[in-house]
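Novice: Below you will find the structure I want to go over with you.
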Amino acid sequence: MRVLSVASEAFPLVKTGGLADVVAALPPALARERVTVRTLVPGYPAVVDALRDADAVHAFPRLHGGPARLLAAHAADLDLFVLDAPHLYARPGNPYLGPDGKPWPDNALRFAALAEAAAAIGRGALPRFAPDVIHVHDWQAGLAPALLHYGGTPRPATVVTVHNLSFQGQFPREILTAIGLPPHAFAIDGVEYYGTIGYLKAALALADRITTVSPTYAEEIRTPEGGMGLDGLLRQRADALAGILNGIDETVWNPATDPHLPTRFDARRLARRAANKAALQARFGLAVEPSAFVVGVVSRLTHQKGMDLLVEALPALVALGVQVALLGTGDPALERAFAAAAARHPARVAAVIGYEETLAHLLQGSVDALLVPSRFEPCGLTQLCALRYGAIPVVARVGGLADTVIDANAMALAAGTGTGIQFAPVTRAHIELAVGRAVSLKRDAALWRRLQARAMATDVGWTRPAKQYAALYRALVKSRGS
Ligand code: ADP
Ligand code: GLC
């Protein structure tokens, strides 16, 4: 089984969120299921600079405004195809946004080019790699199933994974011909989306299978509340839709070997986390109090993540006696609000505004609870890291958070289960109540240790999800008789 995975990010080469982690961690796990994956990504400077011994394996004399090449290379433990198209991608910084913080004006063409390259590989441009399945991630790769659909047969099978339905890639209808689609593609069962062209919509309409990153999100997106305009289409395609949970890379996230932790630990040596807590408190400028209950947050600072509600909840959390350590970047207004709250409550609230891999590990390896108050969350990875690091997840009962954290309610505790705390609805008041519950659970030290041990024993790796993806690919290819 050969699969071409197509995405706009891959950790550690380029990352703005969990998509990059998933795109990088799934191929090695699939290799263990005898699925060979090559990953196609745009040739941003950070990607091209990381390549050693790249081979040019295909040339596009002209691809949306300039010449382009496909480079084959092995980097970051991935077998990559890199679309080297300097006129589209040789721009530093964020992969989607220009220096003014707005999407690049030519994003429609930048990601049409990525899809075009994927479709070319699907149609046999590379004699040495003919994929059985083209698996595209999110809107940035979403046009590939459409190009293959309208390009005629034979074509490989196509799968789209939705990592976040709120990013849809909508562009003016006038570009239809320029992006290589026939006039009849602009139709309700094609790429048309409320009078525009929708790249994600195109994939949802035309890919052979749709997956998203948790079973609960697969349900939520079929409701008007969670469907963001696409629920009708997703209901229609329910038979082709499946939810497969993400995992995390257990070699990157292993508290027993983590090079970013001052003190490594495992479920039998939880007391060692105390030294990490002291290091975190010092690094974040919190009062260095061993007994303080520390609530951690690692997040994009956005409305999706409920960060505005957290700002509102901070005074009550301080009144509860907890410390809050936040690591995040995002909306400038939220960044300012957290900085201001930290200034108002020195020693109790600390915010590091920035993106720092090392600090994310230190935080997971030291805090008592990791708070994830998302309004919606397709899967979420930080709560999986928290489970593995014995930081008790306190999460909104939505999407993948609902599917990965077992609420330690009275009956769960009586039955000897429970790995964290869920709350609903997602309001300031319920954030306060949920953190309060965590604080009272920790008063029983033995119970808390058992909770941590169960959290750390949770299966958060990629083996199970990879088996599900492999089964999906095999069933799909079989159903098409190829
Ligand atoms: P999303 O992709 O919606 O942002 P996920 O939970 O799926 O949410 O993935 C977020 C990923 O980014 C995790 O690997 C998390 O550790 C990481 N992350 C988020 N913010 C930061 C930050 N400020 N510094 C370091 N890592 C971060
Ligand atoms: C998106 C979602 C997040 C998910 C990640 C990886 O960024 O917001 O919930 O974990 O993709 O699938």
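We did not get these values from a lab; they are worked out from the coordinates using the rules stated. From a predicted model like this one, the values you see are computed outputs, not experimental measurements. Positions of Cβ are generated from backbone atoms using ideal geometry, with glycine treated the same way; all protein chains shown enter the neighbour counts.
Novice: Collect residues whose amide H, placed 1.01 Å from N in the peptide plane, falls under 5 Å from the amide H of Val324; neighbours closer than 5 in sequence don't count.
Specialist: Long-range HN contacts for Val324: Val295, Val349, Ala350.
Novice: What's the extension gain from Glu33 to Arg474 if we count 0.36 nm per residue and subtract their Cα-Cα distance?
Specialist: Length gained between Glu33 and Arg474: 157.7 nm.
Novice: Antiparallel DSSP bridges in the stretch 109-254: what percent, to the nearest 5?
Specialist: Percentage antiparallel, nearest 5: 25.
Novice: Would you mind checking the tilt of helix 307-320 against the longest principal axis of the Cα atoms of the chain, expressed as 0 to 90 degrees and rounded to 10?
Specialist: 10
Novice: Still on this model: Which ³J(HN,Hα) values in Hz, rounded to whole numbers, follow from the phi angles of the stretch 267-283 under the Karplus curve 6.51 cos²θ - 1.76 cosθ + 1.60, where θ = phi - 60° and Gly and Pro get x?
Specialist: 4, 8, 10, 6, 4, 5, 4, 4, 5, 5, 4, 4, 5, 5, 4, 5, 5
Novice: A further question follows. Write down the percent of antiparallel bridges among all DSSP beta bridges whose residues are both part of the chain, to the nearest 5.
Specialist: If I count the DSSP bridges inside the chain, around 25 percent turn out antiparallel.
Novice: For the chain, give the magnitude of the charge dipole about the Cα centre (Cβ charges: +1 Lys/Arg, -1 Asp/Glu; no others), in debye to the nearest 20.
Specialist: It works out to roughly 880 debye.
Novice: With N residues in the chain, what two-decimal value do you get for its Cα radius of gyration over 2.2 N^0.38 Å?
Specialist: Rounded to two decimals, the normalised Rg is 0.99.
Novice: Treating the Cα atoms of the stretch 335-482 as identical point scatterers in vacuum, please give the log10 of the normalised Debye intensity I(q)/I(0) at q = 0.17, 0.20 Å⁻¹, two decimals.
Specialist: So the normalised log intensities work out to -1.03, -1.31.
Novice: Cross-link partners among lysines for Lys277, C-alpha distance below 21 Å, same-chain residues fewer than 8 apart left out?
Specialist: List returned: Lys442.
Novice: Now for a different question. If contacts are Cα pairs under 8 angstrom and at least 6 residues apart, what is the relative contact order of the stretch 270-456 in percent?
Specialist: 20
Novice: Here is a further query. Net charge around Thr329, counting only other residues with Cβ within less than 10 Å of its Cβ (Lys, Arg = +1; Asp, Glu = -1)?
Specialist: Counting the neighbours of Thr329, the net charge comes to -2.
Novice: For Leu40, list long-range residues whose amide hydrogen, built 1.01 Å from N in the peptide plane, is under 5 Å from its own amide hydrogen.
Specialist: Ser5, Val6, Ala7, Phe81
Novice: Per the helix-only calculation at 222 nm, which mean residue ellipticity applies to the chain, given -39500 (n - 2.57) for every DSSP H run of n ≥ 4 and division by its residues, nearest 500 deg cm²/dmol?
Specialist: Calculated mean residue ellipticity at 222 nm is -10500 deg cm²/dmol.
Novice: Counting Lys and Arg as +1 and Asp and Glu as -1, what is the net charge of the other residues whose Cβ lies under 13 Å from the Cβ of Glu356?
Specialist: +1
Novice: Still on this model: At what distance in angstrom do the alpha carbon centres of the stretch 1-72 and the stretch 301-366 lie from each other?
Specialist: The stretch 1-72 and the stretch 301-366 have Cα centres separated by 34 Å.
Novice: Another question about this same structure. Starting at 0 and stepping by 5 Å, how many percent of the alpha carbon pairs of the stretch 279-421 end up in each bin?
Specialist: Computed distribution, short to long bins: 2, 10, 20, 23, 22, 13, 6, 2, 0.
Novice: Count charges around Lys277 for me, please; just the other residues with Cβ under 12 Å from its Cβ, Lys/Arg as +1, Asp/Glu as -1.
Specialist: After counting each charged neighbour, the total is +1.
Novice: Please report the equivalent ellipsoid semi-axes of the stretch 70-216, computed as sqrt(5 x eigenvalue) of the Cα gyration tensor, largest first, in whole Å.
Specialist: Its equivalent ellipsoid spans semi-axes of 21, 21, 16 Å.
Novice: Classify the stretch 194-240 as rounded, prolate or oblate, taking a ≥ b ≥ c as the square roots of the eigenvalues of its Cα gyration tensor: rounded when a/c is under 1.5, otherwise prolate if a/b is larger than b/c and oblate if not.
Specialist: It is oblate, given that a/c is not under 1.5 and a/b is not larger than b/c.
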